[in-house]
Structures are given as C-alpha cells and as structure tokens.
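A.B. asks: To start, I am sharing the structure in question, which I have written as structure tokens.
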Amino acid sequence: MKVINCHAHFHGPDEVEEKRELWDSLGYVKICMSFDNEAVLKLAQRYPDYIIPFYHLNLDREGPEAVEKAKERGFRGLKLIGPQKPYAHESYFPIYERAQALGMPALIHTGFLAYERKNGVRQENLHPTELLTIATYFPEFRMVGAHLGNQWPMEAVAAMEYCPNIWYDMSGGTIRRYPAEWFRWLFSRVPRNQTGAPPEIDLDLVGKLVYGSDNPDDTIEFYRSFMAALEIPEEVQKKVYYDNAAAWLGL
C-alpha cells in the first residue's frame, strides 16, 4: 500500500541514500521533512518527487511574511512547535491567515514536548483544543496535529471529528504504548443516547488519521498492529496511509 509519511525530520544529507531501500519496502512514496530549513530545502531539490519540504516557522519570532517567503522558495508547508503562547493566540492569526490564503498546510506538534525543566515550555500551549479554535477562524487552513495529542488523545480525536481541515498522526513514544483495547474504546461509539448499546468502531473517525513516523522506522509496525487489532478495512487504511495526507498537501 502506498504511504505518504507526513512527519519526518532531517537527519543528514545522506539519509535518503542510506534508507531509500528500507523506505521503499515500507511503501513510502513521499516524505514530508522539516526542521533544518536550508538543509531540508536542498534535500527536496535533490529529490523533488520524494521529499516534501516543510518550513520550520517560529511563531514568536516570525510573521506572515515568513510564510510567503517560504512559499516562494519552494517550501510546501509549515512545521509549528513549542510556541510561547497558546497556538490559538490571536497574535498568531496573521500567520494562519496567510498560510490559508497561500494554501500552505501545517504540521503542528500537540501534547507532551520532551520534558526538560530548563527549556521553559508551557505544555498547556500545545493542547489539541487550540487547533479546533484555529479551525473555526480559518476553516481552509489544513492542519495535521502530531502524536494524537499525546496526553490529550480524547481532545485530539474530538478536534479531527468536528473539523474537516484537521487530521492527526499517531507518531511518538507516548501513544504507541497504549493497548489495542484502549484504542478500541477511544474510537468506538454507540448510537445517540443508547449508552447500553454495544459499541462499534467509528470508521469515519479512524479515517481521519494520517501516517507519520516522526522518524523511527518501526512506527509503521505500530500502525499495522493498530489496523489489524481494530480490524480496519483496506479502504479506510488507504485513507490513513495516503489519501488524507494527499488532501492535506493539496496534491
């Protein structure tokens, strides 16, 4: 099955050559890469049909003009992480407005961020509900939230359930440690008011997920295990592995 990896980071200029055979075997046909902006752009120019460059934008130091410049230089989207204020703070709205106007999607880190007391990151700024708020103001701004919200998975699921322009990946170390029955509970629903009815997997909800590795190559094993445990049909898996990311990227 074809896979678009919507969440990867630059780990050196020779990584593609070193891992291309492995990535091909995993089904990767495109990889969205971010962080070292200059290096990522050069890599994308080297592999224009394979690497999709995302501009790592600092919400507190850059403005909407950075979005426009990134677009002009060949970046296809934005990577947002670790803001000093909540993602939905109105001071960031001009950035989202410009990204929406230019058709620049965003990969947005949500939830737990490598806890270090010295770095001063306010974890509450990274809450998935922030994306839901952004979506109400900018309904054409296409967002993928990373890590299914980590410690806030219910809020992440609610955000993508109610907002057509929000998807979520399940990368990272937190979400991949939960058992299948927990995921079955998270993605199951009963008919309205029928709390005693047997729950069923909401395939439309699972069908809002996207594939993102956050670099570890074994992330695909988790996704495959998840799909098998919840008995997700192939047509829904195709959305998760390819179609949703293609829509997010505007392909």
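The values are calculated or read from the model by the stated rules, or taken from the named source; none is laboratory data. Keep in mind it's a predicted model, so treat the numbers as computed, not measured. No Cβ is skipped: glycine too gets one built from the backbone with ideal geometry, and neighbour counts run over all protein chains shown.
A.B. asks: In the set Gln237, Gln194, which member is in contact with a helix residue (DSSP H, G or I) (Cβ under 7 Å, 6 or more places away or on another chain) and of a type in the set (S, T, N, Q)? Spell out the reasoning first.
C.D. replies: Numbers: Gln194 fails: in contact with a helix residue (DSSP H, G or I) (Cβ under 7 Å, 6 or more places away or on another chain).
Criteria check complete, one pass: Gln237.
A.B. asks: Something else: Mind checking which strands (runs of 3 or more DSSP E) fall wholly inside segment 1-93 and carry at least 2 residues that are more than 15 Å from the chain's Cα centre (by Cα)? Working first, answer last.
C.D. replies: Numbers: elements: 3-9, 28-34, 51-56, 77-80.
So the answer is 28-34.
A.B. asks: Looking for whichever is within 19 Å of Cys6 (Cβ to Cβ) and at pLDDT below 95 here; the options are Ile108, Ile166, Ile175. Which one fits? Explain how you work it out, then say what you get.
C.D. replies: Details: Ile108 fails: at pLDDT below 95; Ile166 fails: at pLDDT below 95.
It is Ile175.
A.B. asks: Let me ask something else about it. Which of the residues spanning segment 79-97 are over 18 Å from Leu132 (Cβ atoms) and surrounded by 20 or more Cβ atoms within 10 Å (Cβ to Cβ)?
C.D. replies: Hit for segment 79-97 is Lys79, nothing else.
A.B. asks: Now for a different question. In segment 130-169, what count of residues is obtained for those that are of a type in the set (D, E, K, R) and assigned to a helix (DSSP H, G or I)? Step through it out loud before you land on a result.
C.D. replies: Here is the first cut: in segment 130-169, the residues of a type in the set (D, E, K, R) are 130, 140, 142, 155, 161, 169.
Retained after the next criterion (residues that are assigned to a helix (DSSP H, G or I)): 130, 155, 161.
Total satisfying the criteria: 3.
A.B. asks: Also: Would you point out the residue of segment 98-111, among those that are among the small types (Gly, Ala, Ser) and surrounded by fewer than 24 Cβ atoms within 10 Å (Cβ to Cβ), that is farthest from the chain's Cα centre (by Cα)?
C.D. replies: Initially, segment 98-111 is screened for residues among the small types (Gly, Ala, Ser), giving 99, 101, 103, 106, 111.
Among the residues that remain, those that are also surrounded by fewer than 24 Cβ atoms within 10 Å (Cβ to Cβ) are: 101, 103, 111.
Working: Ala101: 20, Gly103: 16, Gly111: 12 Å.
Among residues in segment 98-111 that are among the small types (Gly, Ala, Ser) and surrounded by fewer than 24 Cβ atoms within 10 Å (Cβ to Cβ), the one farthest from the chain's Cα centre (by Cα) is Ala101.
A.B. asks: Hey, another quick one. Which ones in segment 204-235 are buried (at least 16 other Cβ atoms within 10 Å of the Cβ) and over 21 Å from Met143 (Cβ atoms)?
C.D. replies: Correct list: Ile220, Phe222, Phe226, Met227, Leu230, Ile232.
A.B. asks: Only one residue in Gly196, Gly172, Gly212 is in a loop (DSSP other than H, G, I, E, B) and in contact with a Cys (Cβ under 8 Å, 6 or more places away or on another chain). Which one? Show your work before the answer.
C.D. replies: Working: Gly196 fails: in contact with a Cys (Cβ under 8 Å, 6 or more places away or on another chain); Gly172 fails: in contact with a Cys (Cβ under 8 Å, 6 or more places away or on another chain).
Only one candidate passes the filter, namely Gly212.
A.B. asks: Which pairs do you get when a residue that is more than 15 Å from His11 (Cβ to Cβ), found in segment 210-239, comes within reach of a residue that is part of a helix (DSSP H, G or I) and modelled with pLDDT under 95, reach meaning Cβ atoms under 8 angstrom, with the pair 6+ apart or on two chains?
C.D. replies: Filtered contacts from segment 210-239: Phe222/Arg176.
A.B. asks: In segment 94-106, what residues are of a type outside the set (Ser, Thr, Tyr) and assigned to a helix (DSSP H, G or I)? Full working, then the answer.
C.D. replies: Of the residues in segment 94-106, the ones of a type outside the set (Ser, Thr, Tyr) are 94-95, 97-106.
Of everything in segment 94-106, those that are of a type outside the set (Ser, Thr, Tyr) and assigned to a helix (DSSP H, G or I) turn out to be Pro94, Ile95, Glu97, Arg98, Ala99, Gln100, Ala101, Leu102.
A.B. asks: Does Val157 meet the test of being over 23 Å from Met1 (Cα atoms) and in contact (Cβ under 8 Å) with a residue 40 or more places away in the chain? Don't jump to the end; show me each part of the working.
C.D. replies: On the way: over 23 Å from Met1 (Cα atoms): yes; in contact (Cβ under 8 Å) with a residue 40 or more places away in the chain: yes.
Criteria met by Val157.
A.B. asks: How many of the residues in segment 70-84 are at pLDDT 95 or above and out of contact with any strand residue (DSSP E or B) (no Cβ under 9 Å at 6 or more places or on another chain)?
C.D. replies: 1
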